[in-house]
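Values quoted throughout were computed directly from the atomic coordinates according to the rules given, and no laboratory measurement underlies them. Computed from a predicted structure; not experimentally measured. All Cβ positions, even for glycine, are placed from backbone atoms using ideal geometry, and neighbour counts span all protein chains on display.
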Protein chains: 4
Amino acid sequence: MVGGGQGALIGGVHRIAARMDDRFELVAGSFSSQPERNRATARELGVNDARCYADYQALLAGEAEHEDGAEVVAIVTPNHLHFPMALACLEAGKHVICEKPMTLGVDEAQQLAQAVKRSGRRFVLMHNYVGYPLVQHARELVARGELGRLRSVHVEYVQEWLSEAPGADNRQAAWRLDPARAGSAGCLGDIGVHAFHLAQFISGQRVSEVSAELFTAVAGRELDDNVHALLRFAGGARGMLWASQTSPGFENGLSIRVVGEKASLRWAQETPNELHFAPLDGPAQRLTRRDDRLGADVARGIRIPGGHPEGFLEAFANLYQALADDLEGTEMTWLPGVDDGVDGMRFIAATLASSRAAGTWTPLQDKGNQP
Amino acid sequence: MVGGGQGALIGGVHRIAARMDDRFELVAGSFSSQPERNRATARELGVNDARCYADYQALLAGEAEHEDGAEVVAIVTPNHLHFPMALACLEAGKHVICEKPMTLGVDEAQQLAQAVKRSGRRFVLMHNYVGYPLVQHARELVARGELGRLRSVHVEYVQEWLSEAPGADNRQAAWRLDPARAGSAGCLGDIGVHAFHLAQFISGQRVSEVSAELFTAVAGRELDDNVHALLRFAGGARGMLWASQTSPGFENGLSIRVVGEKASLRWAQETPNELHFAPLDGPAQRLTRRDDRLGADVARGIRIPGGHPEGFLEAFANLYQALADDLEGTEMTWLPGVDDGVDGMRFIAATLASSRAAGTWTPLQDKGNQP
Amino acid sequence: MVGGGQGALIGGVHRIAARMDDRFELVAGSFSSQPERNRATARELGVNDARCYADYQALLAGEAEHEDGAEVVAIVTPNHLHFPMALACLEAGKHVICEKPMTLGVDEAQQLAQAVKRSGRRFVLMHNYVGYPLVQHARELVARGELGRLRSVHVEYVQEWLSEAPGADNRQAAWRLDPARAGSAGCLGDIGVHAFHLAQFISGQRVSEVSAELFTAVAGRELDDNVHALLRFAGGARGMLWASQTSPGFENGLSIRVVGEKASLRWAQETPNELHFAPLDGPAQRLTRRDDRLGADVARGIRIPGGHPEGFLEAFANLYQALADDLEGTEMTWLPGVDDGVDGMRFIAATLASSRAAGTWTPLQDKGNQP
Amino acid sequence: MVGGGQGALIGGVHRIAARMDDRFELVAGSFSSQPERNRATARELGVNDARCYADYQALLAGEAEHEDGAEVVAIVTPNHLHFPMALACLEAGKHVICEKPMTLGVDEAQQLAQAVKRSGRRFVLMHNYVGYPLVQHARELVARGELGRLRSVHVEYVQEWLSEAPGADNRQAAWRLDPARAGSAGCLGDIGVHAFHLAQFISGQRVSEVSAELFTAVAGRELDDNVHALLRFAGGARGMLWASQTSPGFENGLSIRVVGEKASLRWAQETPNELHFAPLDGPAQRLTRRDDRLGADVARGIRIPGGHPEGFLEAFANLYQALADDLEGTEMTWLPGVDDGVDGMRFIAATLASSRAAGTWTPLQDKGNQP
């Protein structure tokens, strides 16, 4: 693991997720750039002092010496470090689990995509919300045509935690609001891109154009903390996307509605164990993990019966579990990878460009509208 | 009453609403352009044959002869007739209750606004959804500053009933999809304008600019059946608006969320007896009609105690009741009037213009972007 | 109308209900035993002074003089007056709409049942909650066997409004807590009997035995304000019933769940426009008034399309409308009548008896366990 | 671990729970009485062949030989084995985590309680549902007096999974329906006792008397599959308890409502991340894990921020985590222990006795109403 020192939230989540199904063991890490904090974290986690490294270069060098050196590296640092670290890990022959956003721009993303192909290694991008079984079920219902041709997709990711200017001691907030470490996108890159990925994942359609407005609700911030966007999908559907980190009353409000000609569905992350499916020709249905129609891949991610709620950690762990399955030979096509990361960076770039251009529809593309 | 012959939905709703509080009596009408249907409706409603008129001109002429002729005319016809009828009624000294959209364009709307001012009569535009007590309470909470400065407004009005090409016998659908009778806006004019009005009503801010995409989901339709729009408000808030009549699973899904710096609120028409208020610094609250903070005007619209659900008809009746109060001297400032109608027509015009102009932000204005 | 003077709640509700469908006209009344209040109420309601009577005897005598005298009398007084008034009205040839509980004991109830049979007149007992279309739909789903053999019925009616000792000026509370006017049952007679009736209505089974505990939560009250009961039904189902008027947070919480071998359903009065149906072999369904399976009788009670919420007043009005239909020749078998009232009084008697006898199972019967 | 061979549900849940916070290591086990299945399970779990034992006696003997032998034994077998195993483990100086119901009768329970006291070891009874942070928060709100004096407690645990006679191959169902392995209580002992414990846990009051009816909905079963009960609490509150395993549409429906003179609260296991608190003098509140009033002990059981749902496994793991804390010196008073088990057995005995005695109120006591 790189990153995830004491006090960091997401590193701990990765560690629980890795442990849950007993398929991974934490053997080495570079947890913090502060030596003391690095060592203390290692000790707390039972990582041998000798395998607690000063930085990722040292980690890759050190682990190369071990016969049973780390096989997979989890990158859980601030955004600007994802790209160089992932590149180095791949080149060193490691599989990579990487936090999002994958890189700071489309160019880097494309370079990384090529590096993944060259390396023959697995690259998992931590769009963890697609680990929820009912998200995967939603995707399958769409793919099987149970909604008919899609008409519109409405996705939102709304939080309250940056509603006020945070205190200087809030480590989580600090780097997310600093362009040097977060990139040119604030809320857009932090959570907007999750919403974007969820919309593509369930709809099975890629976004082709965006018309957007970014704005900053809290005075003094350099980066956007709100995103309002209209979407067009390559498959003909239209969409709307709302992301916000300054909306009181919303804790972690990621939700989606998909409307097709025959039925619509909706799912919300805060009540992840129910999926609402409403056909035109019958009553609305509340699907749960006991649904008869669950596919085999989806069922692999269910640890306990319906009615026993599963949550964020289980969904997160499903990406680790699927990577383990994949490494052992069962291909897991739903796992978010480097191409999803490229799409995400294209989305960020196009959204920034549209917002600057008075909301004009802007295509998602490889070149020309880089942030 | 003009319009509302047998088989029409909204005319019957107006009649129940007018009767509910025993403040109005139906004394005359021109219910249908088909003579037989006109007479049959009158008979069913207990309207004297002599006061069942062939058209609105005859009605105004006939009622002028009666010492106790009709004082208020309710106009419940297809859209294209609202303007000439309202104008004639006002000139004949009648108060008017008019269905929305008020007119077919901004010019007509402005003419009507002047006519209302000249006439000294009351003009109520049937934005009936603001008749719900908790909608009015929401407006008051915003006005009192309980949300702080507003950041964003998210409103939607989503239906399923036009999800498929309707049969030829569907009278409701037929005129709404016919540009000659509905105007240049389909879903936008039919329900989008309700959503727009609700957003302005609760936020207390007028929309200044719109960036929109209209589209038609069902092949063969001439008018839009879906609206996706981004909004900017004069007071600084931003917004999103979704209207659709082709979304399976949505019966009459009008709902709104208003986000301020201190709190957010949400309300949905299908569960109108609860208003959710979520402050940044405390738990989310479920407000009902028993809330201590209800203003006196709001309380007038409540007929039965909390826990005894009130619905669509009661909210609708509140506009009739408020008009009666107003005519008896208690000013009812919340009643939607001709200025709201002008705003609505400006919104329709700007939305059509923005959609044609690749989603560019387009100001709501008196001239220049007429439909 | 007898009762329903200014300040009374339920009288006004009856009047709106009677007016809603324009099938009844209020022509006479004895609204209050206080002459001034009686006259003021009549004037406010537009009832001719000459037909505003000092008491019900005067009303019956006076109306007998009119060629078009009142045909139906609505009795909306405190409980102890229901019996003598209803008896007199029936003997005078009037149809009767009577508030519940019907009488103060089983004997009176049986006498009244005989009087109804002798008179050939209609007697409607105001178990208004069965006027909700989805309650009637629930009953039909059970009757058609969609739940299979019933296993259990769970009904509750929980309120908060008597949570504290009410002030002396609370007219509603005062008579309900006074044994002389309310009878020996407090909460049991006021709302418990509604829950009991709803359970019998939907299940289609009569309660045969009860095991109960009555208790008084607020010190100083003579009558019960809480009911906990276990039920046995003649058809083999078991049940539980909770009624309370001292439970903070419950406004008018009447709800029911019915469990069968093939499916269960649940409905709650505060969200009356949805009925939840959960089969063993498929996903849970949310039924609304648009459900395809609605019977014709149920559909008569629907005034506006699904998604436009109907509430308490509409459900209440459905009993008036059904009486009008019935009087015009369309038999309305679901209307609660005098036999339901007899059952209710048997339930009250048996519940009081069981509570006094340490919770022993006690049969509902005609004699022997009178309150 | 004793029990929990391949195919068993609850053993796997214990293992995930033990692993989640990295405070326990699985070092030995006797997973099945079938030697092949026992060994296969051990291998799958990475337990050394030498520490995979034929039965619990062998396990205790074998581990005594190890310098770092197992310190804690988790007992996850069918009910009838809990008592002898727990006794032996305690005598061998092990701490015990035991599934419920603790024993088959009150006598055994009391013997076990004495054995725990004698041993000086920790005994955790797996009433896992109190591991949910918001259940603990509910308990604290009651204890702090925020509800005032309690009036009533309504608890239910309703499932559908035994709605039909299960096939012979359903290992879970088979032993639960067999008196020899499950004891004299079916649904009552399996889930009724969870509901009972939850009611005592949150209310802070012990149940003193019960009036109950047990019944069997599915023909051919020897044990109850449904429980209807009225409760009296030592502190003056009354209650109702419903448990069922034959109710279609209920997956794992454990829920509770607690009514006090000042407020009520409700919580449901299927949506465990919200707690509803409704005061008499203000709007209903939806509390989440972000609530300001959370106590320090409660907060220890929260791994991720509000809005990121936690579920069944996390709550389960909280009992393991609390045991670890406790063993390391931080006393965890909320952990369910042997006295809760004694209470549970008293409840089972009294409920069986009351049901046989026509529902008469029956005290919970040490002797005299043994099953």
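How large is the charge dipole for the protein assembly as shown, taken about the Cα centre, if only the Cβ atoms of Lys, Arg (+1) and Asp, Glu (-1) carry charge, to the nearest 20 debye?
Working: 144 positive and 188 negative charges, 0 e Å.
Magnitude of the dipole: close to 0 debye.
Can you give me the relative contact order of chain A as a percent, contacts being Cα pairs under 8 Å and 6 or more apart?
20
Compute, for chain A, the length of the dipole vector about the Cα centre, with Cβ point charges of +1 (Lys, Arg) and -1 (Asp, Glu) only. Units Debye, rounded to 20. Before the final figure, lay out the partial values.
On the way: 36 positive and 47 negative charges, 171 e Å.
Charge dipole of chain A: 820 debye, to the nearest 20.
Using the Karplus curve 6.51 cos²θ - 1.76 cosθ + 1.60 with θ = phi - 60°, what ³J(HN,Hα) values do you get for each residue of the range C:256-266, in whole Hz, with x for Gly and Pro?
8, 10, 10, 10, x, 6, 9, 6, 10, 9, 8
Nearest the rotation axis from B to C, which residue of chain B has its beta carbon, and at what whole-angstrom distance?
So the closest residue, with its distance, comes out as B:G311, 2.
At 222 nm, what helix-only mean residue ellipticity would chain D give, in deg cm²/dmol to the nearest 500, using -39500 (n - 2.57) for each DSSP H run of four or more?
-10500 deg cm²/dmol
Tell me, what is the FRET efficiency for C:R290 and C:L9 to the nearest 0.05, using R0 = 51 angstrom and their Cβ-Cβ distance as r?
Working: r = 32 Å, r/R0 = 0.63.
After rounding to 0.05, the efficiency reads 0.95.
Given DSSP loops and a limit of at most 11 other Cβ atoms within 10 Å, what is the longest stretch of chain C that contains no such trypsin sites (Lys or Arg not before Pro)? Show your work: numbers first, answer last.
Numbers: sites that count: C:R144, C:K367.
The answer is C:145-366.
Output the pairs from C:K94/C:K117; B:K94/B:K117; C:K262/D:K100; A:K100/A:K262 with a Cα-Cα distance over 25 Å in this structure; if there are none, say none.
C:K262/D:K100; A:K100/A:K262
Angle, helix B:193-203 long axis vs. longest principal axis of chain B, Cα atoms, 0 to 90°, nearest 10?
Here the helix axis deviates by roughly 50 degrees.
Against the longest alpha carbon principal axis of chain C, how many degrees, from 0 to 90 and to the nearest 10, is the axis of helix C:9-20 turned?
So the inclination is approximately 90 degrees.
I need D:I302, A:I348, C:I97 ordered by Cβ neighbour count within 10 Å, fewest first.
Neighbour counts put them in this order, fewest first: D:I302, C:I97, A:I348.
Mind giving me the nanometre distance, one decimal, between the label points for B:D339 and B:A50, set 7 Å out from Cα along Cα→Cβ?
Result: 4.3 nm between the two label points.
In whole angstrom, note down how far apart the Cα centers of the range C:243-305 and the range A:266-334 are.
Taking the Cα centre of the range A:266-334 as reference, the centre of the range C:243-305 is 28 Å away.
Roughly how many nanometres apart are two label points built 7 Å out from the Cα toward the Cβ at D:R300 and C:T330?
Going by the 7 Å Cα→Cβ label model, 6.7 nm.
Placing a label point 7 Å from Cα toward Cβ, how far apart in nm is D:P305 from its equivalents in the other copies, listed shortest first to one decimal?
Ordered by distance, the counterparts are at 3.6, 4.2, 4.3 nm.
Between A:Q57 and A:A165, 0.36 nm times their residue separation minus their Cα-Cα distance comes to what?
Length gained, A:Q57 through A:A165: 35.3 nm.
How would D:E25, C:E213 line up from fewest to most surrounding beta-carbon atoms within 10 angstrom?
Ascending number of Cβ neighbours within 10 Å: D:E25, C:E213.
Measuring label to label, 7 Å along Cα→Cβ, what does B:L327 give against each other copy in nm, shortest first?
2.9, 7.9, 8.1
Taking the label point 7 Å from Cα in the Cβ direction, how far apart in nm is C:E65 from each other copy of itself, listed shortest first?
3.9, 11.1, 11.6
Find how many whole Å separate the alpha carbon centroid of the range C:104-166 from the alpha carbon centroid of the range A:225-241.
The range A:225-241 and the range C:104-166 have Cα centres spaced 51 Å from each other.
So for the pair C:A64, B:E91, with labels modelled 7 Å out along Cα→Cβ, what separation do we get in nm?
Roughly 6.1 nm, to one decimal.
In which sequence would A:H154, D:H308 go, from the one with the fewest C-beta neighbours within 10 Å to the one with the most?
Neighbour counts put them in this order, fewest first: D:H308, A:H154.
Compute the separation of the alpha-carbon centres of the range C:21-77 and the range C:350-367 and state it in Å as a whole number.
About 40 Å separates the Cα centre of the range C:21-77 from the one of the range C:350-367.
For the Cα atoms of chain D, what angle does the longest principal axis make with the long axis of helix D:338-356, in degrees from 0 to 90, nearest 10?
60
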